[in-house]
1. Mind checking whether some residue in the range 194-201 is part of a loop (DSSP other than H, G, I, E, B) and within 16 Å of the chain's Cα centre (by Cα)?
2. Looking at residue 126 and the list (1) open to solvent by less than 40 Å² (accessible area, probe 1.4 Å); (2) of a type outside the set (Lys, Arg); (3) over 25 Å from residue 203 (Cα atoms); (4) not in a helix (DSSP H, G or I), which single condition is not satisfied?
3. Against the conditions (1) in contact (Cβ under 8 Å) with a residue 24 or more places away in the chain; (2) closer than 24 Å to residue 45 by Cβ; (3) part of a helix (DSSP H, G or I); (4) more than 17 Å from the chain's Cα centre (by Cα), where does residue 159 fall short? Just the number, please.
4. Can you tell me which residue in the range 136-156 is nearest to the chain's Cα centre (by Cα), limited to those that are open to solvent by 20 Å² or more (accessible area, probe 1.4 Å) and among the charged types (D, E, K, R)?
5. Residue check, residue 94 against (1) polar (S, T, N, Q); (2) assigned to a helix (DSSP H, G or I); (3) modelled with pLDDT under 95, all met but one. Which one?
6. Kindly evaluate residue 7 against the criterion of being at pLDDT below 95 and touching a helix residue (DSSP H, G or I) at 6+ places or on another chain (Cβ under 8 Å).
7. Scan the range 100-129 and report the pairs whose first residue is under 20 Å from residue 144 (Cα atoms) and whose second residue is charged (D, E, K, R) and open to solvent by less than 10 Å² (accessible area, probe 1.4 Å), with Cβ atoms within less than 8 Å and a gap of 6+ or a chain change.
Amino acid sequence: MTFMVTTGNMSATHAEGLAVDMELILAVDCSYSVSDAEYQLQMNGLARALRSPAVNVAIQAGHYKKISIALIQWSGTNNQIVSIPWTAIGSPSSVTNLSERIRRLPRHVALGPTSISAVIAKSLHMFSNSPYRSYRKVLDISGDGRNNDGVPAHFLRDVAIKKGVTVNGLAIINETPTLHHYFRNAVIGGQGSFVIKANSYEAYEYAIQKKLVREIAPLPIVQNTF
């Protein structure tokens, strides 16, 4: 006879199915400074990066060999849209399916100012309501400008750190050459946090692939990949 262990209203089997190696939110800048062509470069670059062998090796290096991802498009204080809700990926087919969803994703957010603080707040709410469970919660913010709407970014960054969330940054420096320094001082934080810069939107794909590998994989894999 086989017995199933239950915890509250959730079976152990079901709980195991919701366990992932990390929960990752991809926050994509859709503010005034991002043209439609630049938006598409982000989506295409992110889609191709997810399908890259390096990212898939990083995913498979984890204990559960899967992670959960959500994607937010953001601009001003009142403009953050969850374009892709929490989705677990691990198998080649699940990665391909998510990549294709991202590639086809229309721009949902109205043009507006840049509120990094608001997208951090939105992400913290999403982490609190995630159906998945993991020991690593990471917010990956891509942007080409400084916070200019709402409270200063570092206030929410500090809240994220207290909640055990790591905030990483990808600074696109085509308009603001020192943006990566701002991200380092005011945006990123938490265990193992880092910022990567892309010199242009055309360089975004390489930068986001490098960033995803570093976020997902153990350090030796990062060193061997790049």
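1. Among the residues of the range 194-201, at least one is part of a loop (DSSP other than H, G, I, E, B) and within 16 Å of the chain's Cα centre (by Cα), which makes the answer yes.
2. Here residue 126 clears every test but (4).
3. Status for residue 159: all satisfied but (2).
4. For the range 136-156, the residue satisfying everything is 137.
5. (3)
6. Here the answer is yes, as residue 7 does meet what is asked.
7. 114/29
The values are calculated or read from the model by the stated rules, or taken from the named source; none is laboratory data. All of these numbers come straight from a predicted model, not from anything done at the bench. Cβ coordinates were reconstructed from backbone atoms using ideal geometry, including for glycine residues, and neighbour counts include every protein chain displayed. All accessible areas refer to the heavy atoms of the entire protein, side chains included, with ligands and DNA or RNA removed. Shrake-Rupley method; radii C 1.70, N 1.55, O 1.52, S 1.80 Å.
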